[in-house]
1. Most exposed first by the Cβ proxy, i.e. fewest other Cβ within 10 Å, how do B:ILE270, A:ILE85 rank?
2. Looking at chain A as a GNM with Cα springs under 10 Å, which of A:GLY124, A:GLY111, A:GLY67 has the largest mean-square fluctuation?
3. Segment B:141-193: which trypsin sites (Lys or Arg not before Pro) are DSSP loop and have at most 14 other beta-carbon atoms within 10 angstrom?
4. Considering only B:ASN63, B:GLN94, B:SER83, whose Cα is most displaced toward the positive end of the charge dipole of segment B:27-104, charges sitting on Cβ of Lys, Arg (+1) and Asp, Glu (-1)?
5. Let me check against my output: what whole-number percent is the relative contact order of segment A:20-132, with C-alpha pairs under 8 Å and at least 6 apart?
6. Helix by helix through chain B, keep the DSSP H runs that span 20 Å or more along the axis on Cα and average at least -0.5 on Kyte-Doolittle, and give those back in order.
7. Distances over 17 Å make up what percent of all Cα-Cα pairs in segment A:6-140?
8. Using the count of nearby Cβ atoms within 10 Å as a rough guide to exposure, how do B:HIS180, B:HIS243 rank from fewest to most?
Amino acid sequence: MASFYQDRDIADPRMNPGDEPYFDAASQGRLLLKRCSSCGAYHHYPRALCPVCLSEAVEWVDSSGTGVVYSYSVTRKGGPTDYCIAYVSLNEGVTILTNIVDCDLDSVRIGQRVKVVFKATVGGAMVPMFSPDEGKAASA
Amino acid sequence: MSIKGVAYIAGAFEHPARKAPGKSVAQLHAECAKGALEDAGLSKDDIDGYFCAGDAPGLGGLNLADYMGLRVRHIDSTETGGSSYLIHVAHAAQAIATGKCTIALITLAGRPRSEGSSGTQLRTYGVNMPDEPFEIPYGAVTVNLYAMTAMRHMYEFRTTPEQLAWVKVAASHHAQHNPHAMLRDVVTVEDVINSPMISDPLHRLDCCVVSDGGGALIVTRPEIARSLARPLVRVIGAGEAIHHHMGGRVDLTHSATVWSGRKAFEEAGITPADIQYASIYDSFTITVVMQLEDLGFCAKGEGGRFVADGNLISGIGKLPFNTDGGGLCNNHPANRGGMTKVIEAVRQLRGEAHSKVQVPNCSIALAQGMGGRLGTRHASATLIMERQ
């Protein structure tokens, strides 16, 4: 059984004040993380205050956009199209909720190396998703 | 302050409806309240404390207190999803111990089945949600957030789909004796594995039912409980805890039950080996495996082997669980299974479970609840009760 990725209707993010830079960057093909200049911790999803130390000295930084699949699940009864939800552990050390796309969804594995791509929501916002990083071998 | 022994569960009622399209949610709450009062042998005007959670329409408990005509001097609408009602029992015990109320009513009701709810639906918790812009676009729904937990558990501990299926098999063995259960057919491991895949690795039969209905509990002071004509069920330990990812530090194989369970066992002064019956929140089969591990019934990673081969079946296994059929087979009113977990534990301690599933001389029971989603953020509640 092969379940090749198919485009699906992606729900729009209902942004809150402060989320705009993240989605503006995504529309330019960049994945941003928040980093605390007080305690040094990265975090995601982005907050105005660091969830580790509550400092307001949090700054946007560009992510490498690469990481490994921490866990995943192909949802097969959630709508007209199968899709693969996943947690991807980025090189920066935080794990991001996302989808794995542009591949045979049945080939996705924990430990697989992936890189960021961007997909459009129904309203035209761009959101980061991940596809297999073909240049890198899988590592468990 | 310990709540050990300061309060008793004097009334319990599970609504028999599994589909109630013609009834309002408020009506279902009121019918549950009435049922629990009749069970306890009390009347509405005896209630001076009211507890409810997010399934109650309106402002905290205010609109339902108005609907039911309750005159209470203490109100608490602690909301942690499906685990809320176990926390309400603990909070009622605290309120009783500090004199804020003497007879507390807890209600739950809802009609997600009539309203077409499903675990594969995108569900929003309202406006201003900080996390949803980073979750909803990915199709994060109840079933796949638990499925990712199961997938990681299988990866780290070699848990198998067959082991998860045993949780459902055990629930179905119990549900066959419950005339109200939605799913009464006994199923096999093969039936579970062969049911349609919903979200890898969870099949349809790994998922709980969607049902209308509800339930209610009465919690009161020891001397009032003793004045009533019902068997005495004493609360001896409780714990509550939450777990989230602290901004992206994801660990899907440990739950808040690690902490809620430890606190409840410490307060009760017992260990998992003392538990004769356990109600374990069963939104999905993996939910049960995770909580059994985190409660200490087995080591982390051993949950799959622990539940296999009928170990959860009353009369066969070492730890009889969910003898009403649980959320997997009986009901899951308002998409919140915590209330019915307490109710079946009370039945077991009273000796009022179905004779085919009643644990002989059941004197210590545990109820375990989970709210929110294991895959993102969740709240665990553990309650330990004893028959006196």
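1. Values: B:ILE270 17, A:ILE85 26.
Ascending number of Cβ neighbours within 10 Å: B:ILE270, A:ILE85.
2. In this elastic network of chain A, the residue with the biggest mean-square fluctuation among A:GLY124, A:GLY111, A:GLY67 is A:GLY124.
3. On the way: sites: B:ARG152, B:ARG158, B:LYS168, B:ARG184; in loops: B:ARG158, B:ARG184.
Answer by residue number: B:ARG158.
4. About the Cα centre, the residue reaching furthest to the positive side is B:GLN94.
5. Numbers: 240 pairs, mean separation 26.1, N = 113.
Worked out over segment A:20-132, it gives 23 percent.
6. Numbers: long enough: B:25-40 (23 Å, 0.11); B:142-157 (23 Å, 0.09); B:161-175 (21 Å, -0.08).
Qualifying helices, which must be both long enough and hydrophobic enough, are B:25-40, B:142-157, B:161-175.
7. Numbers: 5471 of 9045 pairs.
Roughly 60 percent, rounded to a whole number.
8. On the way: B:HIS180 17, B:HIS243 21.
So the ranking, lowest neighbour count to highest, is B:HIS180, B:HIS243.
No value in this document is a laboratory result; all are computed from the given coordinates. For clarity, every value in this text was computed on a predicted model and none was experimentally measured. When we count neighbours, we look across all protein chains shown, and the Cβ atoms used for this are built from the backbone with ideal geometry, even at glycine.
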